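Read-outs: derived from the displayed coordinates by stated rules, not from any lab. Please read all numbers here as calculations on a predicted model, not as lab measurements. Glycine gets a Cβ as well: all are built from the backbone with ideal geometry, and neighbour counts include every protein chain shown.
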Amino acid sequence: MIAMKREQFLCGRAAGRRSIICRLALAATVVLFAACGGDAAGTASSAEPWGSNTVAPADFVKEIAASNASKPVIVCTAPAFLYRTGHVPGAVLHGPASSPEGLNSLTAWAQTLPRDTNLVIYCGCCPLEVCPNLKPAYAALKGLGFTKLRVLILPDSFRADWVERGYPVEK
């Protein structure tokens, strides 16, 4: 009932194509917020477990463009549909890390890597402060003993902080 009233408020009582498009947009918004919901109150803890083990997008673009032996292994911990729309070149998908399946995929894959692998994880599904995927991914990989683990800092989203800035994208 509340959802229907919200839809009527946001979409009006428009008929036909406009109403269908509005309903689809609302459904997409609900799905996105469900994938990026943070905790039960819709917020996330301000304490970031990775501390200074981070890399900024501009610096990371230079790092992945360099042709040297220490190129990072890049892991996307976002939902699969976001990865398929575009990701950092060379990134592998093991997510969403907020789900048991995604976290199991990540840890099973990571078991095969040397613990001194230059490893960079990112999500970008939503604002970093409420991202449900990075903290469990970071904790799991750190718990496995990775010593060169960093987080690609995307404060707003992959789209806003990577794609719209013209950084390379692979599909």
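Across region 54-165, Cα pairs under 8 Å and at least six residues apart give a relative contact order of 30 percent. The modelled label-to-label distance between A139 and A47, using points 7 Å beyond Cα along the C-beta direction, is 1.1 nm. Extension gain, K71-E170: 0.36 nm per intervening residue step, less the Cα-Cα distance, totals 34.0 nm. Taking other C-beta atoms within 10 Å as the exposure proxy, Y83, Y167, Y122, Y138 rank Y167, Y138, Y83, Y122 from fewest upward.
Divide the volume of the convex hull around the Cα atoms of region 54-165 by the residue count and you get 91 Å³ per residue. Highest mean first, the peptides 73-81, 54-62 sorted by other C-beta atoms within 10 Å per residue fall in the order 73-81, 54-62. When the charge dipole of region 54-165 is built from unit charges on Cβ atoms (+1 for Lys and Arg, -1 for Asp and Glu) and taken about the Cα centre, the candidate among A80, S105, A160 whose Cα reaches farthest toward its positive end is S105.
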